[in-house]
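The values are calculated or read from the model by the stated rules, or taken from the named source; none is laboratory data. As the structure is a computational prediction, the values presented were derived from the model and not from experiment. Using ideal geometry, Cβ is built from the backbone for each residue, glycine included, and neighbour counts are taken over all protein chains shown. The area values use the complete protein model at the heavy-atom level, side chains included, leaving out ligands, DNA and RNA. Shrake-Rupley method; radii C 1.70, N 1.55, O 1.52, S 1.80 Å.
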Amino acid sequence: MQIQPVLINGQWIPSTGTTSFQAVNPATAEALDPVFPVSPWDEIESALEAAADAAKAIRGWSGQRFAAFLEAYANEIEKRTDELVATAHAETGYPESPRLRDGELPRTTNQLRQAAAHAREGTWTQPTIDTAAGISSMFGPIGPVAVFGPNNFPFAFNSIAGGDFAAAVAAGNPVIAKGHSSHPKTTQIFAEAADTAAKATDMSAGFVQLIYRTSHADGCRLVSHPLMGAIGYTGGRSAGLTIKEAADKAGKPAYLELSSINPVFILPGALTERGADIAEEFKGSCLMGTGQFCTNPGLVAIKAGETADAFIEAVKQKFEESPAGILLGEGVQRGFQSGITAIQSAGATLVTGGLQTDGPGFSCANTLLKVSGSQFLENPEALQSEAFGNSSLIVVADSDEQLVQIAECLEGNLTGCIYSHTGGEDEGLYEQLAPALRQKVGRLLNDKMPTGVAVSPAMNHGGPFPSTGHPVFTSVGIPAAIHRFSMLQCYDNVRPQRLPEALQPKNPNGNLWRYIDGMYTQADYEA
């Protein structure tokens with residue numbers, strides 16, 4: 001069977017690798033054609049050298065050039081919608097509609113176009129000018145970027161189409177995409193569309209490249225290579241920390257989204273007022289996509305009492321009445337089961353679920369666990385183990401003070417949510433709890449579940465470790481996400497005509513805000 005080619009330096013070429021792999025349909029556990037290569041080091045290094053050449057060739061290009069590519073690419077993706085949706089459905093088990101066709105694919109093209117708009121407008125570069133000192137600075141591209149995509153978002157976080165890719169390109173960097181083994185054909189289709197757009201917009205040959213898989217050792221060599229500029233990674237904690245260690249030793253910035261249990265605190269007044277409604281919201285959020293979201297609510301904290309008991313019983317019934325979905329692969333199923341076992345070993349009891357379902361594919365029953373607040377505080381690290389999938393742990397506190405203590409001992413998370421009484425009955429407890437939770441999460445929500453992540457300039461899809469590798473970045477939200485793949489470039493006593501256009505004394509771009517002598521301005525000025 002023919003092994004699929006890789007995209008290196010603007011050409012689809014046969015891989016020199018001697019090992020290969022296939023995606024697996026998680027609904028049937030059957031291997032899918034075609035066969036894809038595991039790239040050896042010489043192939044990876046060729047991609048690095050091509051990306052470095054591309055970075056030199058595009059140095060100094062205006063944001064308009066990168067915007068044109070991103071917009072052309074979004075158009076090419078839409079031309080291949082049917083093929084992408086059908087392929088991703090087979091490789092992930094996600095429903096074609098509404099998940100893939102109506103949700104994730106439009107989000108992907110939308111974020112590409114948002115990145116294009118900001119690349120063209122240029123405010124993300126933040127030109128800063130001190131005329132008295134003769135010093136100016138702005139953000140500029142950092143160099144070749146390697147993007148590692150996850151298994152759970154075949155479109156919106158894909159290594160060659162998702163948010164990291166869009167941000168890296170908007171900053172003016174070439175991208176080496178390392179595909180995910182769960183959806184290689186989907187990624188190949190994206191790469192074909194990207195290659196078409198790159199050629200149509202006259203991008204340098206090594207601007208967009210794709211390899212599907214590497215050995216762990218070669219992945220570490222890639223991220224630590226002298227030619228590498230920065231790394232974007234979304235995936236499991238163990239692999240992410242291995243990549244970070246290799247990148248850190250070489251001084252390469254690695255931006256990682258790792259794991260998160262996204263705690264939800266439901267205060268007593270909210271439970272009394274609308275406990276049944278919140279139970280329904282929680283069920284929908286926790287089981288959406290079989291729980292395979294980085295913002296899945298994996299921990300719920302409530303205060304003991306009759307309303308808490310009723311809430312737990314309502315969630316139990318809803319979990320048992322809802323069909324168990326498809327998990328993304330055998331590895332996800334194993335990880336889910338080991339996570340549930342670890343949480344039980346730490347003291348939690350099983351309310352419902354916990355078993356592998358019958359059938360040919362990869363699936364486990366919707367699972368709910370429970371633990372007391374005192375037990376949680378005795379062993380918080382183990383009880384925060386992530387069971388990636390359709391499960392959650394309910395922590396039952398015996399006092400307001402214990403709810404606050406639970407928040408204070410949480411690890412870093414992407415999100416944290418507080419439900420409270422709409423008439424203000426929980427205000428005193430909220431004022432105690434919110435400051436503690438605020439420091440533990442990137443995004444604080446009120447009265448809504450965390451699963452949706454809007455592609456908004458105000459969004460923070462990041463948070464303290466271990467949700468990410470660094471608390472001062474977001475992987476969703478343009479233009480803030482662009483800065484991860486940039487460097488701050490300062491010019492001291494450089495002659496005006498030698499400065500980048502955005503720092504020129506007479507800047508022709510009147511729409512570009514610049515920070516000049518302590519004030520933001522859009523007006524041209526004389527040095």
Legend entry - Inter-residue pairs, beta-carbon under 8 Å, first buried (at least 18 other Cβ atoms within 10 Å of the Cβ) and in the range 302-320, second aromatic (Phe, Trp, Tyr), 6+ apart: Ile302/Phe265; Ile302/Phe311; Val315/Phe282
Inset, instruction - Select from the range 6-20 the residues that are out of contact with any Gly (no Cβ under 7 Å at 6 or more places or on another chain) and crowded, with 16+ Cβ neighbours inside 10 Å and list them in ascending order. - result: Val6, Leu7, Ile8, Ser15, Gly17, Ser20
Inset, instruction - Specify the residue that is surrounded by the fewest Cβ atoms within 10 Å (Cβ to Cβ); the eligible residues are those in the range 453-466 that are without any contact (Cβ under 8 Å) to a residue 60 or more places away in the chain and out of contact with any Pro (no Cβ under 9 Å at 6 or more places or on another chain). - result: Ala458
Legend entry - Residues satisfying the stated conditions in the range 203-226, i.e. of a type in the set (Lys, Arg) and either surrounded by fewer than 19 Cβ atoms within 10 Å (Cβ to Cβ) or in contact with a Leu (Cβ under 9 Å, 6 or more places away or on another chain) (or both): Arg221
Inset, instruction - Sort through Ser399, Ser392, Ser338 and tell me the only one that's open to solvent by less than 40 Å² (accessible area, probe 1.4 Å) and within 24 Å of the chain's Cα centre (by Cα). - result: Ser392
Inset, instruction - Give the number of residues within the range 1-36 that are part of a strand (DSSP E or B) and among the hydrophobic types (A, V, I, L, M, F, W, C). - result: 11
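From the list Ala342, Ala324, exactly one residue is more than 13 Å from Cys286 (Cβ to Cβ), touching a residue at least 12 places away in the same chain (Cβ under 8 Å) and not hydroxyl-bearing (Ser, Thr, Tyr). Which is it? Walk me through it before giving the result.
Values: Ala324 fails: more than 13 Å from Cys286 (Cβ to Cβ).
Only one candidate qualifies: Ala342.
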Inset, instruction - Search the range 352-371 for residues being among the aliphatic types (A, V, I, L, M) and in contact with a Ser or Thr (Cβ under 8 Å, 6 or more places away or on another chain), and hand back the single one that is most open to solvent (accessible area, probe 1.4 Å). - result: Ala365
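Search the range 483-515 for residues being of a type in the set (S, T, N, Q) and at pLDDT below 95, and hand back the single one that is least open to solvent (accessible area, probe 1.4 Å).
For the range 483-515, the residue satisfying everything is Asn507.
At least 2 residues that are touching a Pro at 6+ places or on another chain (Cβ under 6 Å) in each: list the strands (runs of 3 or more DSSP E) lying fully within the range 348-449 that qualify. Quick ask: steps written out before the conclusion?
Details: elements: 349-352, 367-372, 391-397, 413-419, 441-446.
Result: 413-419.
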Inset, instruction - Considering every residue within the range 57-64, establish whether at least one is assigned to a helix (DSSP H, G or I), modelled with pLDDT of 95 or more, at negative phi and touching a Ser or Thr at 6+ places or on another chain (Cβ under 7 Å). - result: yes
